[in-house]
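Visitor: Quick one: this structure, given as structure tokens, is what I'll be asking you about.
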Amino acid sequence: MKISKLLLSISLWFTTQLCSSGESKVRVGHFPNITHAQGVVAHALSRQGKGWFEQRLGPGVKVEWFVYNAGPSAMEAIFANSIDLTYVGPGPALNAYTKSNGQEIRLIAGAANGGAGLVVQPNENLKVPADFRGKKIATPQLGNTQDISCRAWLIEGGLKITQLGGDAHVIPTQNPDQLSLFKAKKIDGVWTVEPWLSRLEQEALGKVIVEEKDSPTTVLVSGAKFLNQQGELAKKFANAHAELTEWIIKNPEEAQRLIKAELLAETKSDMSPQLIDAAWKRIVFTGVTPRAAVEKFVQNSVRAGFIKTAPDLSKLFENP
């Protein structure tokens with residue numbers, strides 16, 4: 001009797017091992033922003049059981065989605081080995097790469113350019129950096145791409161900006177809170193991404209005075225560990241990302257419909273088709289790795305004080 005139980009236990013153990021060995025998962029992050037369209041669309045399709053990446057990564061591969069508000073949080077998740085890949089702004093990706101001495105972060109594809117900028121109160125005459133002396137500007141998170149762009153723009157315009165204050169106050173504020181604070185006129189401007197840029201325009205009559213039309217807003221990065229250990233899977237993911245980018249470009253109406261549904265599920269806030277269409281016009285979706293623009297972000301990060309010296313970027317870019 002005891003031998004039978006032992007044999008049964010051994011059999012169950014081997015069965016479990018065989019089943020689990022045929023299964024794997026990819027953990028992916030994105031933000032609830034239109035500039036993260038590839039992640040938002042794919043998350044929506046996964047939710048519907050029609051997973052874009054799942055169909056292309058092979059049988060037995062599960063995709064788990066994680067939603068972050070801004071880049072630094074997503075980079076911490078990579079460091080903690082909580083996710084394998086994420087859609088993120090180039091600023092936090094660079095900071096994380098520098099922080100890990102080039103050991104942890106790899107940029108494997110572009111995702112979106114444009115769709116970010118500075119919007120100000122309609123009744124204030126704010127046009128150039130000097131006008132913001134003593135003013136308050138909200139950004140999504142300390143050290144995220146828009147936060148770095150904002151600080152670098154102010155500094156380049158002659159203002160002294162520190163992480164805690166300076167001639168103007170750059171205040172890290174979550175995107176939904178930016179809108180309510182702007183409506184209440186408790187902040188003078190917001191440097192943010194779509195759909196919040198268009199929401200501030202349409203819902204709070206904000207004026208866009210700086211638009212980052214050609215700058216990369218979103219890239220696809222991977223943890224170095226994932227690339228080293230799951231190289232074939234990473235290659236399939238990068239190829240599927242390129243295919244999804246092309247599909248989004250060719251099917252804007254369907255992509256916008258999926259984005260509208262997914263953002264409602266993630267943020268509990270519904271957006272009109274007109275709002276999404278307005279935001280869409282500011283964004284260029286692309287899978288091309290923005291090497292030259294990333295080098296510019298390095299200088300902005302140095303100027304804003306997030307990194308001391310420009311790092312060696314030879315390990316950052318990788319084609320799985």
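The values are calculated or read from the model by the stated rules, or taken from the named source; none is laboratory data. Note that the structure is a prediction, hence the values are computed from the model and not measured. Cβ: placed from backbone, ideal geometry, glycine included. Neighbour counts: every protein chain shown. Each accessible area value is taken on the protein alone, full model and side chains, heavy atoms only, with ligands, DNA and RNA left out. Shrake-Rupley method; radii C 1.70, N 1.55, O 1.52, S 1.80 Å.
Visitor: Are there any pairs, at least 6 apart or on different chains, whose C-beta atoms fall under 7 Å, with the first in segment 113-137 and within 24 Å of ILE283 (Cβ to Cβ) and open to solvent by less than 40 Å² (accessible area, probe 1.4 Å) and the second at pLDDT 95 or above and of a type in the set (D, E, K, R), and if so, which?
Guide: Close Cβ pairs (under 7 Å, with a partner that is at pLDDT 95 or above and of a type in the set (D, E, K, R)) amount to VAL119/LYS207; VAL120/ASP188; VAL120/LYS207; ILE137/ASP188.
Visitor: While we're on this one: Identify the residue in segment 138-194 that is among the acidic types (Asp, Glu), assigned to a loop (DSSP other than H, G, I, E, B) and open to solvent by 10 Å² or more (accessible area, probe 1.4 Å) and, among all such residues, is farthest from ASN113 (Cα to Cα).
Guide: Taking the candidates together, the pick is ASP167.
Visitor: In the set PHE297, PHE226, PHE285, which member is over 18 Å from the mean Cα position of the chain (by Cα), under 25 Å from ALA77 (Cβ atoms) and of a type in the set (Phe, Trp, Tyr)?
Guide: One residue alone meets the criteria, PHE226.
Visitor: Something else now. Quick check on segment 212-226: of everything there that is at pLDDT 95 or above and either closer than 17 Å to LEU57 by Cα or of a type in the set (Ser, Thr, Tyr) (or both), which residue is most open to solvent (accessible area, probe 1.4 Å)?
Guide: Only one residue fits best here, namely PHE226.
Visitor: Run SER46 past the list (1) hydroxyl-bearing (Ser, Thr, Tyr); (2) assigned to a helix (DSSP H, G or I); (3) crowded, with 24+ Cβ neighbours inside 10 Å and report the number of the one that doesn't hold.
Guide: (3)
Visitor: Next up: So, in segment 240-259, exactly how many residues are open to solvent by less than 80 Å² (accessible area, probe 1.4 Å) and not aliphatic (A, V, I, L, M)?
Guide: Residues flagged as open to solvent by less than 80 Å² (accessible area, probe 1.4 Å) and not aliphatic (A, V, I, L, M) within segment 240-259 amount to 7.
Visitor: Among the residues in segment 155-163, are any acidic (Asp, Glu) and free of Cβ contacts under 8 Å to residues at least 12 places away in the same chain?
Guide: No, that holds for no residue.
Visitor: If I ask for residues that are surrounded by fewer than 21 Cβ atoms within 10 Å (Cβ to Cβ) and part of a loop (DSSP other than H, G, I, E, B), which ones from segment 53-91 would you list?
Guide: GLY58, PRO59, GLY60, ASN69, ALA80, ASN81, SER82
Residues are listed down the side, and each one gets a yes or a no for (1) among the polar types (S, T, N, Q); (2) outside any loop (DSSP other than H, G, I, E, B); (3) free of Cβ contacts under 8 Å to residues at least 40 places away in the same chain; (4) farther than 22 Å from ARG27 by Cα:
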{"position": "GLN202", "(1), (2), (3), (4)": "yes, yes, no, yes"}
{"position": "LYS225", "(1), (2), (3), (4)": "no, yes, no, no"}
{"position": "PHE237", "(1), (2), (3), (4)": "no, yes, no, no"}
{"position": "HIS241", "(1), (2), (3), (4)": "no, yes, no, no"}
{"position": "GLU254", "(1), (2), (3), (4)": "no, yes, yes, yes"}
{"position": "ILE259", "(1), (2), (3), (4)": "no, yes, no, no"}
